1. How do GLU60, GLU96 rank by accessible surface area computed with a 1.4 Å probe, from largest to smallest?
2. Please list, ordered by chain and number, the residues whose modelled amide H lies under 5 Å from the amide H of GLY68; skip anything fewer than 5 residues away on the same chain.
3. Across the stretch 99-106, in residue order, what do the Karplus-derived ³J(HN,Hα) couplings come to in whole Hz, using 6.51 cos²θ - 1.76 cosθ + 1.60 with θ = phi - 60° and x for Gly and Pro?
4. By average Cβ neighbour count within 10 Å, what is the ranking of 110-119, 83-92 from highest down?
5. Over the stretch 56-119, consider all pairs of different Cα atoms and compute the Kirkwood hydrodynamic radius from their mean reciprocal separation; express it in Å, one decimal.
Amino acid sequence: MATTRRKMLVGTAISGTTLLAGCSGMFGGNPDVVVFNRTDNELTADVTLVDADGEELVSENVTIEPDGAFEHDDVLSSGTHTLSVDVESGPSGEREFDVEDDDSLQARVDQDNIEFDKL
């Protein structure tokens, strides 16, 4: 019985690691900015990240495949930042964040709305 339980635990650990593999770099940590496409269609969006001084740290027009993501790294520092996502023929939104070291800002685009989070 211990062998069956051990196999189950190892399988669960491997599955969890596989699921998280695309969410972090090789040496750990999340990208600074991630925009997820949670729709069944390819989407085009303007992604903008602005710091408290109004400096644009990210300003890109991106195309994201269904269930795909846009990632940008090495742009955040401690302080206030505003992340904006404007989907062509779709939803738009923005959110202000108080950022600390090692934070990741994320936006999840669904068919009708955009949800923002800080990790």
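The values are calculated or read from the model by the stated rules, or taken from the named source; none is laboratory data. Being a predicted model, the structure only gives us computed values, none of them experimental. With ideal geometry, Cβ positions are generated from the backbone for all residues, glycine too; neighbour counts draw on all protein chains shown. Note: areas computed on protein heavy atoms with side chains; ligands, DNA, RNA excluded. Shrake-Rupley method; radii C 1.70, N 1.55, O 1.52, S 1.80 Å.
1. Numbers: GLU60 70, GLU96 125 Å².
Reading off the accessible areas and sorting them downward yields GLU96, GLU60.
2. Result for GLY68 returns ASN37.
3. The phi angles translate into 9, 10, 3, 6, 6, 10, 9, 10 Hz.
4. Working: 110-119: 13.3, 83-92: 17.0.
In decreasing order of mean packing, 110-119, 83-92 become 83-92, 110-119.
5. Working: mean 1/r = 0.0787 Å⁻¹.
Computed over the stretch 56-119, the radius equals 12.7 Å.
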